[in-house]
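K.L.:
First, the structure itself, so that you have it in front of you.
The values are calculated or read from the model by the stated rules, or taken from the named source; none is laboratory data. Because the structure is a prediction, the values reported are computed rather than measured. So basically every Cβ, Gly included, is an ideal-geometry build from the backbone, and we count neighbours across all protein chains shown.
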Amino acid sequence: MEKDIKISFHNYGFRSFITVNLCQECPRQDNKGCCGLYSPVFYPTDFAYWLDKKPELINFILNLPNITILNTSITVNSPPDGEGYRCPMHSLESGCLLAQKLRESICRYFVCPGLYWQDELKLSRWKDFFEQIFEHEITINNTIAAKMQSENLSLRVPEQRSACFEFMKKMVLELTAAMPEMFTTLPKHEEFWIRRELAFGKQWLL
Ligand code: SF4
Ligand code: SF4
């Protein structure tokens, strides 16, 4: 079955994201789609944004039952759900509990491979944009991780956590003060339609 699908690109600098209208009727037909196969990992750029916009998320994530805390990241491990898993931040009623800009980068950029949007010539500038932004964010997070290591700061130490989050916020502000040119060369929002052959259930690969 072929379907016309709307893909939308949202340019918010380091909090940019992609949406597709297909999610409302996800071909996986399991009420969780890609959120059933992923455990989100939050990094300094995410914590810095949370501290600014929704600081209560820090305690929320720290109090979730199954998290993995490393020096500068926190993974929210998805518990088993049916034949697969389900992200603890996913609700049956409304999908992800986090607003788009509060999500980590994979959750903001992921589009199921069956849409292979990157192959569309008309979308190539958005492909370049998201590839660059992804790399840029990794560089920022690695820079912060190295600096925190040199300062003997780690999220693994409960007494240091407040200081770690403040340190991350300060460094993200410094490292993103000069915004890359690519942020200004693309519009805030742009929508496109693509036609694709759909498969259903596990035939729709993730
Ligand atoms: S698998 Fe695709 S359609 Fe389904 S929720 Fe994820 S991105 Fe949306
Ligand atoms: S954080 Fe949200 S978008 Fe990411 S896997 Fe969990 S429910 Fe899905």
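K.L.:
Any residue at all in segment 112-120 that's in a helix (DSSP H, G or I), surrounded by 14 or more Cβ atoms within 10 Å (Cβ to Cβ), within 14 Å of ligand 1 (Cβ to nearest atom) and of a type in the set (A, V, I, L, M, F, W, C)?
P.N.:
yes
K.L.:
Any idea how many residues of segment 63-93 are surrounded by fewer than 16 Cβ atoms within 10 Å (Cβ to Cβ) and hydrophobic (A, V, I, L, M, F, W, C)?
P.N.:
4
K.L.:
So, one more: How many of the residues in segment 176-206 are of a type in the set (Phe, Trp, Tyr) and assigned to a loop (DSSP other than H, G, I, E, B)?
P.N.:
Number satisfying all stated conditions: 2.
K.L.:
For segment 23-47, name all the residues that are in a helix (DSSP H, G or I) and within 11 Å of ligand 2 (Cβ to nearest atom).
P.N.:
CYS23, GLY33, CYS34, CYS35, GLY36, ASP46
K.L.:
In segment 52-62, is there at least one residue being of a type outside the set (D, E, K, R), surrounded by 13 or more Cβ atoms within 10 Å (Cβ to Cβ), more than 16 Å from ligand 1 (Cβ to nearest atom) and closer than 16 Å to GLY36 by Cα?
P.N.:
no
K.L.:
Has segment 93-102 got at least one residue that is part of a loop (DSSP other than H, G, I, E, B), more than 12 Å from ligand 2 (Cβ to nearest atom) and under 22 Å from GLU137 (Cα atoms)?
P.N.:
Scanning segment 93-102, I find no residue that is part of a loop (DSSP other than H, G, I, E, B), more than 12 Å from ligand 2 (Cβ to nearest atom) and under 22 Å from GLU137 (Cα atoms), so the answer is no.
K.L.:
Filter segment 48-71 down to the residues that are assigned to a loop (DSSP other than H, G, I, E, B) and of a type in the set (A, V, I, L, M, F, W, C), then identify the one that is nearest to ligand 2 (Cβ to nearest atom).
P.N.:
In this case the residue turns out to be LEU64.
K.L.:
Considering only residues of segment 72-91 that are assigned to a loop (DSSP other than H, G, I, E, B) and within 13 Å of ligand 1 (Cβ to nearest atom), which is nearest to the chain's Cα centre (by Cα)? Outline the logic, then answer.
P.N.:
Step one: filter segment 72-91 for residues assigned to a loop (DSSP other than H, G, I, E, B), giving 72-73, 77-79, 82-83, 86-89.
If we keep only those that are within 13 Å of ligand 1 (Cβ to nearest atom) as well, we get 86-87.
Working: ARG86: 16, CYS87: 13 Å.
Ranking the candidates gives CYS87 first.
K.L.:
Separate question: Specify the residue that is modelled with the lowest pLDDT; the eligible residues are those in segment 94-108 that are crowded, with 16+ Cβ neighbours inside 10 Å and either touching an Asp or Glu at 6+ places or on another chain (Cβ under 9 Å) or not charged (D, E, K, R) (or both).
P.N.:
GLY95
K.L.:
Kindly establish whether ALA146 is surrounded by 12 or more Cβ atoms within 10 Å (Cβ to Cβ) and over 22 Å from SER16 (Cα atoms).
P.N.:
no
K.L.:
Right, here's the next one. Please count how many residues of segment 1-44 are more than 13 Å from the chain's Cα centre (by Cα), of a type in the set (D, E, K, R) and under 22 Å from TRP126 (Cβ atoms).
P.N.:
3
K.L.:
Further question on the same structure: Which of the residues belonging to segment 4-22 are part of a helix (DSSP H, G or I), away from ligand 2 (no atom under 16 Å from the Cβ) and surrounded by 19 or more Cβ atoms within 10 Å (Cβ to Cβ)?
P.N.:
If the condition is that a residue be part of a helix (DSSP H, G or I), away from ligand 2 (no atom under 16 Å from the Cβ) and surrounded by 19 or more Cβ atoms within 10 Å (Cβ to Cβ), then PHE14 is the only one that fits.
K.L.:
Please give the number of the condition ASN141 fails out of (1) out of contact with any Ser or Thr (no Cβ under 8 Å at 6 or more places or on another chain); (2) under 25 Å from LEU62 (Cα atoms).
P.N.:
Against the list (1) out of contact with any Ser or Thr (no Cβ under 8 Å at 6 or more places or on another chain); (2) under 25 Å from LEU62 (Cα atoms), ASN141 comes up short only on (1).
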